[in-house]
Each structure stands twice: as C-alpha cells, then as structure tokens.
1. Of all residues being in contact with a strand residue (DSSP E or B) (Cβ under 7 Å, 6 or more places away or on another chain) and in a strand (DSSP E or B) in the range B:41-53, which is most open to solvent (accessible area, probe 1.4 Å)? Just the residue, please.
2. Filtering the range C:60-83 down to residues that are free of Cβ contacts under 8 Å to residues at least 60 places away in the same chain and of a type outside the set (S, T, N, Q), which residue is farthest from the other protein chains (Cβ to nearest Cβ)?
3. Give the number of residues within the range C:49-61 that are over 17 Å from C:GLU32 (Cα atoms) and touching a helix residue (DSSP H, G or I) at 6+ places or on another chain (Cβ under 9 Å).
4. Can you work out which of the residues in the range C:120-150 that are within 14 Å of chain A (Cβ to nearest Cβ) and under 18 Å from C:ARG161 (Cβ atoms) is surrounded by the fewest Cβ atoms within 10 Å (Cβ to Cβ)?
5. What do you reckon, is A:GLU204 of a type in the set (D, E, K, R), in a helix (DSSP H, G or I) and without any contact (Cβ under 8 Å) to a residue 24 or more places away in the chain?
6. Return the residue satisfying two criteria in turn: it lies in the range B:109-139 and is assigned to a helix (DSSP H, G or I), closer than 23 Å to B:PRO30 by Cα and open to solvent by less than 20 Å² (accessible area, probe 1.4 Å), and of such residues it is farthest from the other protein chains (Cβ to nearest Cβ).
7. Taking A:LEU66, is it closer than 30 Å to B:LEU118 by Cβ, at pLDDT 95 or above and either touching a Lys or Arg at 6+ places or on another chain (Cβ under 8 Å) or within 11 Å of chain C (Cβ to nearest Cβ) (or both)?
8. Give me the residue from the range B:20-40 that is open to solvent by less than 50 Å² (accessible area, probe 1.4 Å) and not β-branched (Val, Ile, Thr) and, out of that set, modelled with the lowest pLDDT.
Amino acid sequence: MFRNQYDTDVTVWSPQGRLHQVEYAMEAVKQGGASLGLRSGSHVVLAALKRAPNEMSAPQKKIFKLDSNMGVAIAGLTADARSLAKYMRTECLNHKYVYGTTMQASRLVLDLADMHQRTTQSYVRRPYGVGMLVAAHDQTGPHLFQTCPSGNYFEYVAMAIGARSQSAKTYLEKHFEDFENCDLDELVKHALKALSGCVTGDKELDANGLTLAIVGKDKVFESLEGEQLQPYMDAIELEGNAAQPMDEGDGEEKAPAPDAGMA
Amino acid sequence: MLCHSAAGPARGAGHATAAMDGTRQHTSQPIVTGTSVLGIKYKDGVMLAADTLASYGSLARYKNVERLKPVGECTLIGASGEYSDFQHIMETLEDYHQYDVNMDDGFERSPAEIYNLLRTIMYNRRNKFNPLWNYLLIAGCKKDGTAFLGSVDHIGTCYEDNILATGFGGHLALPILRKKWRPDLEEGEARALLEDCMRVLFYRDCRALNRIQIAKATAEGTVVSDAYKVDTEWSLASFSQPKAGQDTDGSW
Amino acid sequence: MSSTGAGYDLSATTFSPDGKIFQVEYATKAVENSGTAMGVRCKDGVLLAVEKLLISKMLVAGSNRRVHGVSKHVGMAVAGLSADARQIVYRGRDEVAGYIENYGSQMPPSMLADRLAQYVHYFTLHGSLRPFGASVLVAGYDVELKKHELYVVEPSGVMYRYFGAAVGKGRQAAKTEMEKLKFDDMTCKEAMKQVCKILHVLHDEAKDKPFELEMSWVCEESGWKYQAVPQAQVKEAEEWAKESIESDEMDDDED
C-alpha cells in the first residue's frame, strides 16, 4: 500500500480528489473469500467459498438470509456484514408489518448504500469493510445488487467479489448474455463453474468448500450446502469448461489473510 | 415531510387539551364530518360513491368537498369522518407517492399495500390515544386486473370485502347491496346500484346530500367523476303521508 | 494542480497562508474526474443530460441513475461521487417536501438551490466532516413566477444560476461547444440533439469507458413537470448526433 499523509482519516481528501480510507476499506473486500451472484429472467443464484480461520473451527458464514425473497453473500469483514445483515432483516420485517408485503430490493439496497456513505463523511465512524451481493426476487422481478464500502451500489446480471474473484468475473463476462433464458439448474452450474476459478491454486472446488443460495419466482430463498450440491458438482465435472484459477501474481489480488475475521 | 424509515411519517400533532390534574385529552370526537362512503367490486374493477357534503355537527357547512381521491396511478381513497384528518392523510399519502415517483424504479405501492399502510397508521395513532377520526375505504385495481376493496377505521380495524359501506351506509346501503350485488355487474349496473343506494341515503341520513361523486378503478387506472345531483322523488307515498298523529313514533 | 500545501491541506477548517481552503479544492477534483453532466436552459424549458460511464458490461441497462427527481417540478443531474450526490438529492427532496407541508405550494427552484448550497457549505466548516465530492445541476420550474431555471451547486457551497452549464471530466470542451450555440432561442427538443452531439464528441471511445446517455427535462411539453426524456426521443437524438458527427468528419476529410 502507498502510505501518505492523506490516508489516515476518512474525512480527508487527497490532492487528487480521492478518499484513501474508503479505498482501503474497499481493499478489505478484496481480501475476503470470493462470493458471486448471477441471475436469469426468473431466478438469482449466490455462491461463495467457505473459509475456516483454522483447522479446528467451522467456516465463517458467507450467505445470510434476509427475508423469504431475499439474501446476501458477502466478502470482507464478517462482523461488519453481520451487523448490516441485521439492519437489513429489521428493515424487511418493518416493511412486512407496515405494508404486508416483502420489500423492493432496490430500495433496501439504496438504504444500505446510504448507511455506507454516511460513514465516509463523518469522523466518528470508520467505513464498513465489506462488499455485499444482494439477491432478491421482488415485485419487479429478479435482481442482483452489489454494494461497496464507498456507498456506491450497482445492479448486475452477474458479478463476483473477493479474493481471486477476477477469474470468476472473466467467466461470467464470457457467459452472462446466455443467463437470461437459463433454467435454475443451468444457472447453478454456471455459478459453480465460475466459482471454481476462485479456489486457491493447488486445491479444487468441492461440495463442502462452498455455500450456495437460490431465490426466484415462486421460490423462497434457500441455502444449499455439502451433499445437496454434490449432484451439481458431478454435473460440472462431466461438462468441463469451468473457470481456471488465475496466476497467483495477478495484480490487485492478494493472498488471503484468513485470520483477520475475513470471510 | 417524508422520513425515510419504513415506519413512515409521524406528522400532525392532533388536538390536545391539558386538564388541571395533569391528564391530557386528545381528539375524542370529530368536528367537521363527511358521512357514508360506499364501495363495490364489479366486472372491470371496483367503484366508490360518496356525497360532497362536510357537516359541522348537524349544520350542512361545506357543500362542495371531495371525499373520493386518487393516490398514484391505481388507488382510490374514500373517507367519512373528520375532514381535516382526511386532508392530513392525503398529504401523507401524496408524500409516499412522490417518493415512489422519485425512486423511478418502476415500482408503485399497490392498493393492498396502501391499505395495509393506512391500517398501520390508524392503529398506531389509536394506540397513542390520538386517533385520526376517519372511516376509510381503499379501492384499487392493479394493471393485471385484480381489484382490491378494503376498509380501515379510526381504531385500526381493517376488513376486505366485495361490498363495503361506512357510517350510515352500513345500515341503509349494505342491505340493498347484499341483495343486488353480483361479481359480474357491468359498469352501468354498478353505477346504477350505487346511485340507488346514495338516493336512499339522502332520503334517510340527515348528514347526506344529493350531490355525489362516483369513482372507479380499473386495469386502465382511476377516474373520479365530477359531482352531480341524483334525482329524488318526494311524492312517494311514504314521504307524502305523514305518520305523525297516527299511533306510531311519527317517523317515516 | 494547486500547490499541495505543507500541512495546510489536511482539514476543511484550515486556511492556507494565501487564503485557500485546500480540502474544498481537493473535493472539487473528485467532481472533475466524473463523467460529464450538462444542463441547458432553452426557451421552452430546461434540459439535463449526463454521460453515465459504465464500469462493467454486466451492469443492468438503465440502472444507477444520475438524474434524479426531486419534486413535481424539479430534478437534478449529479457529478462526482454518486454516493455523496445522493445525500444532496435527499436534502433537496426533504426541503421541497417541508416547504409544501408548511406553505401548501411548490418551493421556488431559486430557494431550493440556495438551501442546497447552505447544506453543502456546512460540510466545509467542520473538522469532523468532509466537503461533498459532488456537484449538482438543479433544473426547475418556478410555479409562481412561471419561469424555468438552471442552477449549479458546487462542493464549496456556492450556487450560481446558468443558461448553460457543464461539470465533470469534459466540462471545458462542453462549455466551449455550448458557447457557440444559442440555447435561449432553441426548444428543448432541438437542444437535445446538440447536447447529445456534444457529449458524444467529447467522449473518447478509445480511452473512456462506454457510457449510457441519460436525459431529463422540465419543459412546456411535459406540462412543466420534471420527467425523464422518453427513451425513444433519446435514441432519436443520439442517432442524429452520430450521423451529424460522421458528416462533420467527412467534411473535414474533404478539406
């Protein structure tokens, strides 16, 4: 990292018009284990690599259910993600009480992005060090959003975040135009193929090393783990053409630091 | 002003008086009031009717007020009870609608959601012992043609049905509607039925007026008619032959 | 670039010896790196146009608007950090909603721009805050005076009324092009084509990321309501602009 006198406070602009503290918070997202999401005309799939901080612990949670129609996959500081997920769940419940319906994802994501933004403009709080992929099926159809510590948010057809996510992104960019008409099984397979590029060099993706979630039209949010994923894993092994891990020296990507509460 | 929390705006102080012993009393009765609102579903959607009178006690104080109002593209509100509270409710709903417009994300609150929102607001206010003194009908039709008709009162009771009436309408119009209503009413039949009910209400409800509005919500959107007079016939035998002096209570 | 300044540039509460507040100038830099936003005041309304740079081809078309509705008669186009800009838009919405609640009529755009400037200015006064890295163009119709106006609010908290304004990366080139045209004699529809052309000319396809063009207006045709320009009309203007650029290039080749 490049140290300079403008990089220790969120409230200080650099002469180039950049906010280094915010950029460093974005860096925390890149250190977290990879997460990705993709959507068809009817469904959204989230997938993430599970990482355990040491041999004896269970892996940290990567995908959080928010409501019957919505969930989020994260990369970055898990503790930050948990408090933001709690906020989002509360918003969803409040909405259900007031309107009797599930919340529009775009509006929840906007509120979430504003929460991020507020931390970047005042001295009292640090930015959140987590990137989120929000998957939802609401009254305007299936959606996939990404939020950043900067308070920016985007709506994507497919996106990957976290360590070594570049190869997944490359895979998704190559195939995303086909996603619209994919059925759910094909979509899940695309997710797994894309994710297999994010695994650390010498290992291979296996059903126990990842977590996956589905939400869609007439399909409530559901997480799949371990054995439930094995049929899909077998299928992609047969089909081949999964994303390949990139070189370790791949520019922006850094080796993960799994002991720092990163997931 | 719309606060961005999901709980929604908490606006309007309401009337409050403080007594010497420190107790407080909020609104305990409406002052300027509108009488019945009627609502029925029909073949193409849903239709509301109300007269244009706001009474000050028994005085026919304001004779040209609108008690049927559109909210956004597909919802109608009809209000009986305190007129100022209704105006306040409409301002609140306008704020919510402007928020939807500003969001520009292709989503607008559906009639059912506005109904649920009003229920939350009314129930919340009553729990603070400071109710908005209205009995509201919420009617609407989504683009796919599903019609909605529901009512919310000043204590937050909510209820949905194919035919609804507030106030005196509950006693005088509902029996007629129950007898004559069917789900496949044509628009003209629905209007005629509501006009019949409004006429009966004008005959028998002393806070009613013969100047009415009809509003409809269909898949195409909402329309609120201009105010017009319903015909009356006062030469009917039961009106022209006073019962006073005979061995009855003297009423019609 | 302004001389970086020896510890005088680390807080918005610090003046440099020659009377500058560097932090505000640095915040302005964030706006200058953003995709261009333009506003023009025509004879029949105000038009806003934004060059929305796309960071990925997987983005959903039409997402992440950079023009925002504020009230029935007012809208904004933003440049700079879009997350910062949103806060200014929200403040605008709260201001107009508060005005309607209190006075029962629409807030004049001049007053709105003034209030926004005050809000933005506040963030230049405190060490615990930072100035906004965003500028906003405010297009509005004054219902009382029956006038349409365009304002720009800058990170320093100053506000000016304009006949034509541009902020962001291509602002200099855009201003030069705008000065050649008489928008005051044009209708919004005519201006739309010219604005499209300017944005396409100053967008360097080789160097810059691809972009979506976003336009909105408050004009006679829209019943003085603020609204997005219908997609079909944007398309039409863009096609005209591209053809016009091509024929200009052909002319150049012939010379």
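The values are calculated or read from the model by the stated rules, or taken from the named source; none is laboratory data. This is a predicted model, so every value here is computed, not measured. Virtual Cβ from ideal backbone geometry, glycine too; neighbours counted across all protein chains shown. Heads up: the accessible areas ignore ligands, DNA and RNA and are worked out on the full protein's heavy atoms, side chains in. Shrake-Rupley method; radii C 1.70, N 1.55, O 1.52, S 1.80 Å.
1. Only one residue tops the list, namely B:LYS41.
2. Selected residue: C:VAL78.
3. So the count comes out to 3.
4. The selected residue is C:VAL120.
5. no
6. Ranking the qualifying residues of the range B:109-139, first place goes to B:MET122.
7. The answer is yes for A:LEU66.
8. Top of the filtered list is B:HIS26.
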